[in-house]
Amino acid sequence: MDNAFEVLKERGFIEQLTHPEEIEELFKKDKITFYIGFDPTADSLHVGHFLTVMAMSHMQKCGHRPICLMGGGTGMVGDPTGKTDMRKMMTVDTIDHNVECFKKQLSRFIDFSDDKALIVNNADWLRNLNYIEFLREIGSLFSVNRMLTADCYKTRMEKGLTFLEFNYMIMQSYDFLELNRRYGCVMQLGGNDQWSNIIGGVELIRKKEMKPAYGMTFQLLTNSEGKKMGKTEKGAVWLDPNKTSPYEFYQYWRNVGDNDVEKCLRLLTFLPMDEVRKLSALEGSKINEAKEVLAYEVTKIVHGEEEAKKAEAAAKALFAGGAAGGSIPTTEITAADLGDGMDIMSALVLTKLAPSRSEARRAVQQGGVKLNDEKITDIEFKITEDTFKDGILTIQKGKKSFHRLKL
């Protein structure tokens, strides 16, 4: 069985380690229980989470036991990391609903049979804490002076950091301690923006339990310009097919920048590294072949092989100038919806190809909109039944965004 540390290192996941030499030795001789936390800030995981899920899957394939920690407790506070303002506070019902959505999605990627992995919710110990006892047992071991030097707090000091959020690091550290006591968990993994929080948990276990504990962070999913990947005009790229269709998901990866192909193949697929290097070495227009492989492989992992094949076929049909392919996002409308004619801007907003009428107007005026492959530049243009071909109207915005109206 492969050494998980070497696998993660070769594929470029690892950013920081709390105890580099100890961790390297640990992976040579032991199978460990480790955890990654997921705060339920929405009802679906997104591609930023997907990178850590891939790391978790590699670890499991190498014989280690993952704990997927649901933030039913920490989600009630909200992680201030990377935020200029306080997160919107969610109701308990919303948090619990989101937790259930996360659980279903994670079971697609992680094998939870026969105790090979666990799903645990920190609401079990955080929601009913005795505050005074918690302050005495845990709070006394944290230096406020040191906490304020952490990046997650420093960036908020000018605008104002609430005491609610200030507790987040201590709560996450306590999670690690609880998982260590309950399940023998010895390592926390996460994105490099979690470094300060992870160190807090490692040090808490070493002080409180006098046992070794470790932390490892991964690079965040950023493009060659250092900007976070996984955002489109419509917002985040979600793993839920109802929020981001398999076709849109496929298209996102098909259209990544040339300089980002190699990183995405390494981090987001299970392709052997020899194949990753071979694909990444393609130059000129040939790099598009690597992008097609990337899009197919990532879509296959997230949505299954059948949906990946459908998305691939739909993308090729559109590229060839056709409107075939059942995976293209489709909205059904009636003749009554059209009335005397639906203006082009309303159609763009209806299909979510434009977030607003002003954005739709700009796209039309700039020549970026086509109906059944014919450019439309008149903002007064109205779609009628005659505009459809065999009951189908394909709307294209820019080079990459498509949607079908079905009459």
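The values are calculated or read from the model by the stated rules, or taken from the named source; none is laboratory data. What you see is a predicted model; the values in this text were computed from it and never measured. Note that each Cβ is placed from the backbone with ideal geometry, even for glycine, and that neighbours are counted across all protein chains shown.
Observations on the model:
Quick grid of which residues meet (1) of a type in the set (Phe, Trp, Tyr); (2) modelled with pLDDT of 95 or more; (3) closer than 24 Å to Lys207 by Cβ; (4) more than 22 Å from the chain's Cα centre (by Cα):
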| site | (1), (2), (3), (4) |
| --- | --- |
| Phe102 | yes, yes, no, no |
| Ile110 | no, yes, no, no |
| Ile119 | no, yes, no, no |
| Leu161 | no, no, no, yes |
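- Subset of the stretch 146-159 that is under 21 Å from Ile198 (Cβ atoms) and charged (D, E, K, R) - its residue that is modelled with the lowest pLDDT: Arg156
- Qualifying residue in the stretch 62-85 (condition: in contact with a strand residue (DSSP E or B) (Cβ under 7 Å, 6 or more places away or on another chain), at pLDDT 95 or above and either over 26 Å from Cys152 (Cβ atoms) or charged (D, E, K, R) (or both)): yes
- If you filter the stretch 182-201 down to residues that are among the β-branched types (Val, Ile, Thr) and more than 19 Å from Asp115 (Cβ to Cβ), you find that the one that is surrounded by the most Cβ atoms within 10 Å (Cβ to Cβ) is Ile198.
- Scope the stretch 362-386; condition surrounded by fewer than 16 Cβ atoms within 10 Å (Cβ to Cβ) and within 29 Å of Tyr250 (Cβ to Cβ); matching residues: Arg362, Gln366, Gly367, Lys370, Asn372, Asp373, Glu374, Lys375
- Residue, surrounded by the fewest Cβ atoms within 10 Å (Cβ to Cβ), within the stretch 280-293, restricted to residues that are aliphatic (A, V, I, L, M) and within 24 Å of the chain's Cα centre (by Cα): Val293
- Scanning the stretch 29-39 for residues being under 21 Å from Arg181 (Cβ atoms) and either not aromatic (Phe, Trp, Tyr) or not in a strand (DSSP E or B) (or both) gives a total of 6.
- For the stretch 12-28, the condition holds for no residue, the condition being that it is part of a helix (DSSP H, G or I), of a type in the set (Phe, Trp, Tyr) and more than 14 Å from Val186 (Cβ to Cβ).
- Considered as a group, the residues in the stretch 179-194 that are at pLDDT 95 or above and assigned to a helix (DSSP H, G or I) include one that is nearest to the chain's Cα centre (by Cα), and that residue is Leu179.
- Residue within the stretch 25-38 that is surrounded by 21 or more Cβ atoms within 10 Å (Cβ to Cβ), small (Gly, Ala, Ser), farther than 23 Å from Ala150 by Cα and at pLDDT 95 or above present: no
- Qualifying residue in the stretch 314-336 (condition: surrounded by 15 or more Cβ atoms within 10 Å (Cβ to Cβ), modelled with pLDDT of 90 or more and in a helix (DSSP H, G or I)): no
- Residue in the stretch 210-261 that is nearest to Val349 (Cα to Cα), counting only those that are among the basic types (Lys, Arg) and at pLDDT 90 or above: Lys243
- The stretch 207-265, subset polar (S, T, N, Q) and closer than 30 Å to Tyr174 by Cα, residue surrounded by the most Cβ atoms within 10 Å (Cβ to Cβ): Thr217
- Complete set of residues in the stretch 22-41 that are without any contact (Cβ under 8 Å) to a residue 60 or more places away in the chain and more than 22 Å from Glu6 (Cα to Cα): Asp39, Thr41
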